[in-house]
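The values are calculated or read from the model by the stated rules, or taken from the named source; none is laboratory data. Owing to the predicted nature of the structure, the values given are computational and were not obtained by experimental measurement. Here the Cβ is made from the backbone with ideal geometry for all residues, glycine too, and neighbour counts use every protein chain on show. When the accessible area is computed, the model is the full protein with side chains, heavy atoms only, and any ligands, DNA or RNA have been set aside. Shrake-Rupley method; radii C 1.70, N 1.55, O 1.52, S 1.80 Å.
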Amino acid sequence: MPDTDRPASADTAPPADELGALAPFRHGVFTMLWGTWLIANLCMWMNDVAAAWLMTTLTATPIWVALVQTAATLPVFLLGLPSGALADILDRRRFLLFTQIWVAVVGIGLAVAVLLDAMTPLLLLLLIFCNGIGLALRWPVFAAIVPELVPRTKLPAALALNGVSMNAARILGPLVAGALIAGAGSAWVFLLNAALSVAAALIISRWRREHRPHPLGREPLPGAMRVGLQYVRQSYHLKGVMLRVSIFFFHSTALMALLPLVARELHGGGPGTFTLMLSCVGLGAIVAALLFPRWRERYSRGQFVVIGSVVHAALSTLIVLVPEVWVAIPAMVVIGMAWISVANSLTVAAQQAMPDWVRARGMSIYQMSLMGGSAAGSLLWGQVAGISSVQTAVLLAAVVGLVVVLATRRLSVDWAADI
């Protein structure tokens, strides 16, 4: 019986049926860790929904609501490089276990603060920041292990399935969180997150990955970080990808950071509308991911990035100009399709530009660019919303995004497009 968990050579032409959207599930270890990734993303989205809505009950000031996303994403920007270096030099299995335990402990802290009625806006931001530290530590590990689980020809499909995992969680997470908030309160969302994080840790503990130390010994952390930075600095392709992803998340985060307030301003909007809008983004992303194999035959990665950015900006504008639920819901589905089209195209480009020995560090720097753009955008657009209005902030972000994306469209992300 062939070993389906062993990646094939990049030079071996796989059968046509192994290039489909679900082909990576033929590899057992990938399937197991994909389930773990699904649980991790479910916890992340439930936590984001509960924290964002909890902040609206503590204060109605737009900047405080937008800062929830800044607090969640800033740790990835600050700790991305050291976490990527650690993922390259330490046992990745043990590293993942540690991150899941960390997230579980923070979830318990959030629940206790709410149950004791001790939560304040500042304390909420601090605990969300601590939760973000766990996300910052684990993301480079997940990003780095995918190429070792599937053949190179299946890498785009595997990354798209990781996007499906994130967006399936984006559908289920808000719905579960919304039901728990309405029926029991935010504390129970955080407690459920802690329990699921422990469950994910148990799944990871079953992974029998052999850690192979470097033959020259463990690389010192400062040196590993320096090498990662040097590699990225010397790669024209990687610098272009990182600029593109930071630009996209800088302007696209305006809608997501202010979404609780956008939902409130819709006619008949409320907490149920907010969670439904988040779920629609996930639904759209899943539909798009399943259509990627067909779309890649017609469009290049560069076209995905430009078209997706334009569609995202246009529909964000529509939602705030026509504040009707019946307009917002289908628009959010298409926004989800646009979002994953851009994010997946840029992630594949980054993965294919890096060798395995520096992959976790390179992907952590890529994630720093992504989260740095998101953190800066949510801070800026939240401030704009506080000075003017939520509608003005989303409209201005859309205009800025269109101008910058079109101005940088010549930065190629289409090398190795045949893989």
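Quick test of the membrane-span-like rule: which DSSP H helices of the chain reach at least 27 Å along their long axis (C-alpha atoms) with mean Kyte hydropathy at least 0.0?
On the way: long enough: 28-58 (45 Å, 1.11); 62-89 (41 Å, 1.45); 92-115 (35 Å, 1.53); 121-149 (42 Å, 1.78); 155-183 (41 Å, 1.36); 186-205 (29 Å, 1.97); 236-257 (31 Å, 0.97); 271-295 (36 Å, 1.41); 301-321 (30 Å, 1.60); 325-352 (40 Å, 1.45); 359-387 (42 Å, 0.47).
Flagged H segments are 28-58, 62-89, 92-115, 121-149, 155-183, 186-205, 236-257, 271-295, 301-321, 325-352, 359-387.
Roughly speaking, what is the stretch gain from ARG208 to ASP117, that is 0.36 nm per residue apart minus the C-alpha to C-alpha distance, in nm to one decimal?
Details: separation 91, 0.36 × 91 = 32.76 nm, distance 4.30 nm.
Between ARG208 and ASP117, full extension yields 28.5 nm more.
Compute the Cα gyration tensor for the stretch 259-406, then decide on rounded, prolate or oblate, letting a ≥ b ≥ c be the square roots of its eigenvalues: rounded whenever a/c is under 1.5, prolate when a/b is larger than b/c in the other cases, and oblate in all that remain. Display every interim value, and only then the final one.
Working: a/c = 2.02, a/b = 1.51, b/c = 1.34.
It comes out prolate by the Cα gyration axes.
Going by average Cβ neighbours within 10 Å, how do the peptides 39-49, 228-238, 378-388 rank, with the highest at the top?
Numbers: 39-49: 24.7, 228-238: 16.1, 378-388: 20.6.
Peptide ranking by packing, descending: 39-49, 378-388, 228-238.
According to a simple spin-label model (label point 7 Å from Cα along Cα-to-Cβ), what is the distance in nm between LEU243 and THR57?
Distance between label points: 4.6 nm.
How high is the FRET efficiency between LEU406 and TRP295 when r is their beta carbon distance and R₀ equals 25 Å, given to the nearest 0.05? All intermediate terms of the calculation are to be shown ahead of the outcome.
On the way: r = 21 Å, r/R0 = 0.84.
Efficiency, rounded to the nearest 0.05: 0.75.
Tell me, which longest segment in the chain has none of the GluC sites (Glu not before Pro) that fall in DSSP loops with at most 13 further Cβ atoms within 10 Å? Provide the component values of the computation, followed by the final result.
Working: sites that count: GLU210, GLU297.
Here the longest segment lacking exposed loop sites spans 1-209.
First measure r as the distance between the Cβ atoms of ASP356 and SER389, then evaluate 1/(1 + (r/R0)^6) with R0 = 41 Å and state the FRET efficiency to the nearest 0.05. Let's see the in-between values first.
Working: r = 48 Å, r/R0 = 1.18.
Efficiency for this residue pair is about 0.25.
Given the peptides 115-123, 288-296, arrange them by the average over their residues of other C-beta atoms within 10 Å, most packed first.
Details: 115-123: 12.3, 288-296: 17.4.
The packing order, highest mean first, is 288-296, 115-123.
State the percentage of accessible surface on the stretch 80-226 attributable to carbon and sulfur atoms; use a 1.4 Å probe and exclude ligands, DNA and RNA.
On the way: 4330 of 6180 Å².
So the carbon and sulfur contribution to the accessible surface is 70 percent.
Once the Cα atoms of the chain are picked out, what are the Rg and Dmax in Å?
Taking only Cα atoms of the chain, I get Rg and Dmax of 20.5, 65 Å.
What accessible area per residue comes out for the chain, rounded to a whole number of Å², with a 1.4 Å probe?
Numbers: 17120 Å² over 419 residues.
Here the per-residue accessible area is 41 Å².
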